[in-house]
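Colleague: For reference, the structure I am asking about is given below.
None of the figures in this text is laboratory data; all of them are computed from the coordinates on show. Because the structure is a prediction, the values reported are computed rather than measured. Every residue, glycine as well, gets a Cβ built from its backbone with ideal geometry; the counts of neighbours run over all protein chains shown.
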C-alpha cells in the first residue's frame, strides 16, 4: 500500500509538471508571435570600390543599428539588399532593375554618382519606387522632372552664391570655371555663370576636361589658360580628376602668387582622401563646403565609426568622416521613419500584365502600391541628424551654411563662413545671436588671414598681361583733322608705321604709371593705301569684335558707344561748343548808344520817369507855384522835371516832405542806372571787336545759316537733333580748311559757325585766336577716353592711372608740347550779351514804385482828413459823392497853410485885395458851387446852389439877391485867407465877424 501511494504521488507530480510545461510553451509561442517585426526590403546601390561608397554603406548600417536600438517599439525593420554598381552606369541600372523586379524593394538608397542616378531614377518613376541618393548632387537631377527621386543631399547650385561672394569680395572682374565634362560637372555651370554675372564678373572662357583625359591633355588645357589674362579659376569636378589637375598646374607653374583657385565641395568634402603629393600642390587654394555643426553626438559617432570601420577597410590612410557619410547616416534614419509611418499592410507590387510581345524586363516591371505614400512620408522628413537639420524641400535637402577653407601647409584652415542671409561672416555665433543686426556682406575683411598660392598674403588682382610674347593690339584712328591728337605716318627708310600725337603721349604716360608691365603695339585703323578704314564708331566696334584689345585716340565717351565697350575715365575736358568769327562794329553802328540797355529796360525806365514826374506834381501842385499854371505848362513840367533828374538838371525847389522822400529814392535809382549805362557803353565802345558775329544757335537756325562739323565726328548727329537741316551742314577735314570756310562765310560757300569738341577748338583758337571765339552754351559730353572690351580688368587699372597722370605735372607738359601754351594767346572762352536787362534792376524799381505809391496814399489820407467836416456833415439835399467831388476840386486850390504861401499877416493890403478879387472873379464864374462857413444863429454853413431855373439859392432853398450872393462869396474867400492852423473856435469867430458889412472895412474891402 505504501509503495502504491508513493507511485501515485510521483505520477501526479509528473502530470502537473507536464501540464505546466505545455502551458509555458504556449505562452512563449504567443509572446514570440507578438514580437515578430515586419521586414521591409530596401535596396542599396553603391560603388563599393570607392571610399564614398564603402563609407556610405558603413554609415547606413550603423544608422539602422542605432535607430532600431533606440526605437525598439517600431514594428518595421529595413532589410538592406546591397548591390555594387562598380562605378558603371549599366551595372547601376541593372542592379536597380533586379532589386525592383525580383526583390520588390520598396525604396533604393543610391546610386552614388549623378550619372548612374540619372538612369536609375527613370526605373524608380516607372515602378513608383523612391530613389533616395545622398551623393548625387548635380542640379540636372530634378525632383520636378522625376517625382520619385529624393535628394538627401544639397544641390550643387546651393554653393554658387558662396563662391560668387568670394569673387565679389576681392573684386575679381573675370573668372574661368574648370569642370569635368560629365553630368556632375555640366550641371552646376549655368548656375555659376548666372551668379557671377549678377556681380558683373565675366566668364570669358569655360575650360572643360574629360574625366578620362590624360595628363598631357590636362597640361595642354592649362597651357591654353596661361595664355589668357584671367587668373581666377573655379574648379568643379570629382577628386579623382581634381587632384590630377592641381598636380599638373603646379608642375607647369600655375600655383604662383598671380593665381587664385577656388574649389567646389566636390573636392573640399573629400580632402581627407588626398595624397600628400596632391595636397602639397594645392597650397593656397580656397574652397567651400557645407558646414556641419560639431556636436557631442557627432563626436561619439565618429569615434565608434572609426573603431568599427578601420578593421574592415585598413587601406584608407586618412580615416575621417565626410559629409556624404553623415548624409548617408541621416538618409537611413529618414527612410526608417517613413517606412514605420506608412506601415506595410498592403505592400505588394502590382504586376504588369504579361505579354508575349514583351522583349525586355522593363516592359514587365511591376508597380509598388505603397510607393506614393512612402515618397510623401519621405518628403515630410524633419529632424535633427548628425549633419544638422534634415529637412527636405522640393525633394532635396535644404541649403545651409557653408564654411570657407584655405589649404595651408599643415592642413585645412577655416577662414570664414557664408550664410544665405548674412553673406561672408567671420563668426557664426554673431549671426546666431538674437541681438545681431548684421546685413548681407561680401567684405573680405570678414575673412581670416589667407595664404594664397606662392605663400603670398596679398590677394591676387585676378588677371595679368600674358607674357608669352603677345602684345596688346591698340587701335588708333587715322584722321588728318586731328593730326595734333593722333598722327599716323610711315617711315620710308625702315618701312615702319610711326604713331605720335597728344593722345598717344597720354596713353604712353598712363600705361607707364601702372604697377606692372603691359606690352602693347599701336595698330592704325587704315586701309592698305593708308586711308581711314571707317568712322570712330567702326573703330570702336573692332574692340567689340575682339580684333583690337584697346583703342587709344581722340575718342569721345558717349552713351551709345558704351553699349559695346568700356571707357576709362576721361583725360580731357568734356563738351561740344560753337566757334564763330569776331568783328569790330564800333564804326559801323550809329545806334550803339542804345545797346547798353535792353528794350525792356528802356521801356521800363521811361515809364518810371513819367510816373515819378506825375507823383512829384501831385504832391507839389497845392504848395509850389512852379507846379501850377495853365494845363499845358503843368504837363510840360511833369515831363521836364522827370527827365531832368536823369542828368540831375532839375532846378525846381521841392517843398513837400513826401515829394522829397520820393525824389531822394528816385535819384538813387537814376544814379545806379546812369552809372551802369556808362560802364556798359564804355565796354561796348572799347571791347566791341570781341563780339561774335553769331551769339546764339537759334540765330543760325532762324536765318538758315550753314554750319560746319569735323569729318567722321559724332557732332553730325548732335546737330541733326538740334534742328539743323542736313543740307545746311558742311564738313571740314582739317583745321586750316575750317579757317578757310569761316573766312568765306555762309553766303560764299563757307560756314557761319562750326561745332566741335572743346579740345579741338582750343587747338584751333591757339592758332587763330585773333579771328574767332567760342560761344556759349557748351553741350556736355564725356570727354576723351581710352577704349577696352566690356568687363576688361585692365580698364579699371588704366582709369586709376589716368587720374594719377592728369593730376600731375606730366599732363601739363604733354598739353604744352602738342596743344601749345594757353597763356601765349588770350582768347575768350565765353561770350555773353553786354546789354543790361530789367532783371538786374527790378529791386530798385520795386523800391521806387512802392515808395511813390505809399507817398500818394499818405497825401490823399491827409487831404481827406483836412476836409473831413465837409465830407461828413449831414445834409439830406447834398449827397456824399457831391461833397466828395467838391472836396476833390479843392485840390486845385493853393494850400495857404503851407509856409510857401503863408505871410506874416495882412499888412500887404494890395496883395490881399488882389487875392480876394481873384477869388470873387472865380466865384462869379462858377455856376455850380460857392461855399462859406458861418457861426451865425440863423445857420452855420451856407452853400451857394442853383435852382431849377438857374437862380442862386441858399441851402434852405430861399433865393439870394445880388448883395447876398457877393457877401457869401466874400465870406468863402476870407475863409481861404485865414490861417487854418488856428483853433477851430477862433476860426469860426473870425468868419462870424465877416458876416457884417462893417467887417469889410477891416480888410480894406469897403469899395466892394
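Colleague: Sorted by mean Cβ packing within 10 Å, highest first, what order do the peptides 763-773, 397-407 take?
Modeller: Peptide ranking by packing, descending: 397-407, 763-773.
Colleague: Cut-off 16 Å, label point 7 angstrom out along Cα-to-Cβ of residue 527: give me the residues of the range 711-744 whose amide nitrogen falls inside.
Modeller: 712
Colleague: Assuming R0 = 45 Å, can you tell me the calculated FRET efficiency for the pair residue 559 and residue 144, based on Cβ-Cβ distance, to the nearest 0.05?
Modeller: Calculated transfer efficiency: 0.60.
Colleague: Would you mind putting 486-498, 750-762, 56-68, 660-672 in packing order, based on average other-beta-carbon counts within 10 Å, highest first?
Modeller: Highest mean packing first, the order is 750-762, 56-68, 660-672, 486-498.
Colleague: If you don't mind, there's one more thing I want to ask. Between residue 220 and residue 512, what FRET efficiency comes out of the Förster formula 1/(1 + (r/R0)^6) with R0 = 45 Å and r the beta carbon distance, rounded to 0.05?
Modeller: Rounded to the nearest 0.05, the efficiency is 0.80.
Colleague: Further question on the same structure: Which value in nm describes the separation of the simple spin-label points at residue 837 and residue 300, placed 7 Å from the Cα toward the beta carbon?
Modeller: Rounded to a tenth, the inter-label distance reads 8.9 nm.
Colleague: For residue 667 and residue 590, calculate 0.36 nm times their separation in residues minus their Cα-Cα distance, and state this gained length in nm to one decimal.
Modeller: Answer, rounded to one decimal: 24.8 nm.
Colleague: Moving on to the next point. Between residue 731 and residue 456, what is 0.36 nm times their sequence separation minus the Cα-Cα distance? Round to one decimal in nm.
Modeller: 93.2 nm
Colleague: What nm distance separates the two modelled labels at residue 394 and residue 856, each placed 7 Å from Cα along Cα→Cβ?
Modeller: With each label placed 7 Å out from Cα toward Cβ, I get 8.2 nm.
Colleague: Another question, if that's okay. Given R₀ = 35 Å, what would the calculated FRET efficiency be for residue 70 paired with residue 49, taking r from the Cβ atoms and rounding to 0.05?
Modeller: Working from the Cβ atoms, E equals 0.60.
Colleague: Could you sort the peptides 247-256, 602-611 by per-residue average Cβ neighbour count (10 Å cutoff), highest mean leading?
Modeller: The packing order, highest mean first, is 247-256, 602-611.
Colleague: Separate question: What distance in nm separates the simple spin-label points at residue 603 and residue 102, each placed 7 Å from Cα in the Cβ direction?
Modeller: 11.0
Colleague: Figure the gain on full extension for residue 497 and residue 206 (residue separation times 0.36 nm, minus the Cα-Cα span) and round it to one decimal in nm.
Modeller: 101.0 nm
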